[in-house]
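Working notes, beginning with the structure itself.
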């Protein structure tokens, strides 16, 4: 009897030793690179993730493959760059508009069925597979069940939740899975309960759980009791109580999932990966009381942009074969790395890298060379662009004008100093790398928009030109889209200038009105405003602060012909640290 029991116990240990590790992949929607306490947030409360980061490996140079959601999700599930799959924007994507100089390339509207997904590879290796939450990679015929998942709860073609509170439905229909939820239940809690249920039901065999929360995507909705814990702050920093409460609920969810693994004694044999699909939403889209969801400082900008705030994300890993080693990683690396950690061979030719050896502590070189291709106008205000990071150098190329910006991330994580003029040889080298890479992956480029109508003249004769529509020339001048700024700023070089294309239907003489701000000690700069041969100069007024904007009439211009013209605003002198901040220029017809 004892001998039989001994053989039984030995056999159980052998089975456990041979069992492949479970995989839990938690993806948060729009979580910023600085939104967690362990990544520097002083506003958001994330105790579970902070503890998880201490247990596992917290990466500080981790990236999403795109600054918006669907492309990053396809990179995670296929290990391929979104440009190679021609799925480079959120689905279905923003249509072309008359104010856009370029037309977007036509993109795939779903993750191709012919692609081999992480779920399919794991399922083939004997894993139970479950998708819970946001899918956003295709509708009917392209659901998670068609892409290797045994179970799908909550995933369809939609990119935003039908509702954050039960019933989970809107005019377009119901979320698949939790149709019979109790009224008032919070979506993040419900998806977490489903995750706990799947883990418990699958504990006796290897499983893959892909928990893709709808949180913390807009519309910003949170539980009242958690929201009450946060005070609304000032613009320019993390200050949104509703968003903070959503982050806290998300953190609670992670804590519950990790506790379930602990309670079932599965933690030691489970790979857990936590990350986000793009940077935090930092513009006015979905803001409350003028305060955006988050602020990614010191990272520049946020979701929709190829600056660090748009693509640098939190990424925390824990599990067998993973040591505390901080390496550069991008979401395209997740699939080949997970398969490597699980000891599963694949015939797929990945764009991503198998980093299992490096994460396991092997002394291997892990160079940081990442590419991005976003040939679209984002809802957040960015222009079509591409980027490459090679080592500490990062180059961004803007497809409208060919403008290139170069940053040394080791010294300038905020991307505040464009070194393109100082390092032309680096610009040339990285631009060639980016162009060669686009050719290799077959990246589709935008084309001229035949319906482009820049800054059209209104019925009352006015021609408004917002800062976001300006073309900037030089190295430092830039448009700052954050709501408390929303201006052309960083005008610290006299050589930098701005131009606007605009459309005249009723020519004549116009009064030029500017909305400008200027900090103390910088007033008095002489600025030339011109359209063709018609020009004048004005002196910048000290308004007491660069965001203390004042509306001023500064001169007149004559435009003799209808059609498209270019307005140029160029400093002639710069007596102080900066010229000014310029929000808007309006041409008003002289009656």
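The values are calculated or read from the model by the stated rules, or taken from the named source; none is laboratory data. Just so you know, these numbers come straight off a predicted model, no measurement behind them. Using ideal geometry, Cβ is built from the backbone for each residue, glycine included, and neighbour counts are taken over all protein chains shown.
For region 364-378, which positions are in a loop (DSSP other than H, G, I, E, B) and touching a helix residue (DSSP H, G or I) at 6+ places or on another chain (Cβ under 9 Å)?
If we filter region 364-378 for residues that are in a loop (DSSP other than H, G, I, E, B), which is where we start, we get 364-368, 375-378.
If the condition is that a residue be in a loop (DSSP other than H, G, I, E, B) and touching a helix residue (DSSP H, G or I) at 6+ places or on another chain (Cβ under 9 Å), then 364, 365, 366, 378 are the ones that fit.
Considering (1) modelled with pLDDT of 95 or more; (2) surrounded by fewer than 24 Cβ atoms within 10 Å (Cβ to Cβ); (3) in a loop (DSSP other than H, G, I, E, B), say which one residue 303 fails and leave the rest.
(2)
Inside region 384-414, can you point out the residues that are surrounded by fewer than 23 Cβ atoms within 10 Å (Cβ to Cβ), touching a residue at least 40 places away in the same chain (Cβ under 8 Å) and in a loop (DSSP other than H, G, I, E, B)?
Answer for region 384-414, where residues must be surrounded by fewer than 23 Cβ atoms within 10 Å (Cβ to Cβ), touching a residue at least 40 places away in the same chain (Cβ under 8 Å) and in a loop (DSSP other than H, G, I, E, B): 399, 400, 401, 403, 409, 413, 414.
May I ask you to list the residues in region 150-162 that are without any contact (Cβ under 8 Å) to a residue 60 or more places away in the chain, under 23 Å from residue 251 (Cβ atoms) and in contact with a strand residue (DSSP E or B) (Cβ under 6 Å, 6 or more places away or on another chain)?
Selection gives 153, 155.
Go through region 115-129 and give me each residue that's over 27 Å from the mean Cα position of the chain (by Cα) and in a loop (DSSP other than H, G, I, E, B).
Selection gives 125, 126, 127.
Is it true that residue 570 is buried (at least 16 other Cβ atoms within 10 Å of the Cβ), touching a helix residue (DSSP H, G or I) at 6+ places or on another chain (Cβ under 9 Å) and not in a loop (DSSP other than H, G, I, E, B)? Walk me through it before giving the result.
Values: buried (at least 16 other Cβ atoms within 10 Å of the Cβ): yes; touching a helix residue (DSSP H, G or I) at 6+ places or on another chain (Cβ under 9 Å): no; not in a loop (DSSP other than H, G, I, E, B): yes.
Taking the combined requirement at face value, the residue does not satisfy it.
Output yes when any residue across region 360-383 is touching a strand residue (DSSP E or B) at 6+ places or on another chain (Cβ under 9 Å), within 23 Å of residue 119 (Cα to Cα), crowded, with 23+ Cβ neighbours inside 10 Å and in contact (Cβ under 8 Å) with a residue 40 or more places away in the chain, and no when none is.
no
Regarding region 513-528, can at least one residue be identified that is in contact (Cβ under 8 Å) with a residue 40 or more places away in the chain, surrounded by 18 or more Cβ atoms within 10 Å (Cβ to Cβ) and in contact with a helix residue (DSSP H, G or I) (Cβ under 7 Å, 6 or more places away or on another chain)?
Checked against the condition, which is being in contact (Cβ under 8 Å) with a residue 40 or more places away in the chain, surrounded by 18 or more Cβ atoms within 10 Å (Cβ to Cβ) and in contact with a helix residue (DSSP H, G or I) (Cβ under 7 Å, 6 or more places away or on another chain), region 513-528 yields no hits at all.
Just one of 482, 434 is surrounded by 20 or more Cβ atoms within 10 Å (Cβ to Cβ) and assigned to a helix (DSSP H, G or I); which is it? Let's see the steps before the verdict.
Working: 482 fails: assigned to a helix (DSSP H, G or I).
Among 482, 434, only 434 is surrounded by 20 or more Cβ atoms within 10 Å (Cβ to Cβ) and assigned to a helix (DSSP H, G or I).
Take region 437-471 and flag every residue that is outside any loop (DSSP other than H, G, I, E, B) and either without any contact (Cβ under 8 Å) to a residue 40 or more places away in the chain or out of contact with any strand residue (DSSP E or B) (no Cβ under 9 Å at 6 or more places or on another chain) (or both). It would help to see each step written out before you state the result.
Residues of region 437-471 that are outside any loop (DSSP other than H, G, I, E, B), as a first pass: 437-441, 447-448, 456, 463-469, 471.
Of everything in region 437-471, those that are outside any loop (DSSP other than H, G, I, E, B) and either without any contact (Cβ under 8 Å) to a residue 40 or more places away in the chain or out of contact with any strand residue (DSSP E or B) (no Cβ under 9 Å at 6 or more places or on another chain) (or both) turn out to be 439, 440.
For region 14-37, which residues satisfy the criterion of being touching a residue at least 40 places away in the same chain (Cβ under 8 Å) and not in a loop (DSSP other than H, G, I, E, B)? Working first, answer last.
Residues of region 14-37 touching a residue at least 40 places away in the same chain (Cβ under 8 Å): 16, 19-36.
Within region 14-37, 16, 22, 23, 24, 25, 26, 27, 28 meet the criteria.
Residue by residue, here is whether (1) in a helix (DSSP H, G or I); (2) in contact with a helix residue (DSSP H, G or I) (Cβ under 7 Å, 6 or more places away or on another chain); (3) at pLDDT below 95; (4) on the phi < 0 side of the Ramachandran plot holds:
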| site | (1), (2), (3), (4) |
| --- | --- |
| 48 | yes, yes, no, yes |
| 53 | yes, yes, no, yes |
| 58 | no, yes, no, yes |
| 74 | yes, no, no, yes |
| 92 | no, no, no, yes |
| 96 | no, no, no, yes |
| 107 | no, no, no, yes |
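Tell me, please, whether a residue that is in the same structural domain as residue 139 (by TED's automatic domain parsing) and under 30 Å from residue 456 (Cα atoms) can be found in region 68-87. Can you show your working first?
We begin by selecting, within region 68-87, every residue in the same structural domain as residue 139 (by TED's automatic domain parsing); these are 68-87.
In the following step, the residues that additionally are under 30 Å from residue 456 (Cα atoms) were identified as 68.
Among the residues of region 68-87, at least one is in the same structural domain as residue 139 (by TED's automatic domain parsing) and under 30 Å from residue 456 (Cα atoms), which makes the answer yes.
State whether one or more residues within region 265-287 are surrounded by fewer than 23 Cβ atoms within 10 Å (Cβ to Cβ), in contact with a strand residue (DSSP E or B) (Cβ under 7 Å, 6 or more places away or on another chain) and modelled with pLDDT under 95.
Among the residues of region 265-287, not one is surrounded by fewer than 23 Cβ atoms within 10 Å (Cβ to Cβ), in contact with a strand residue (DSSP E or B) (Cβ under 7 Å, 6 or more places away or on another chain) and modelled with pLDDT under 95, which makes the answer no.
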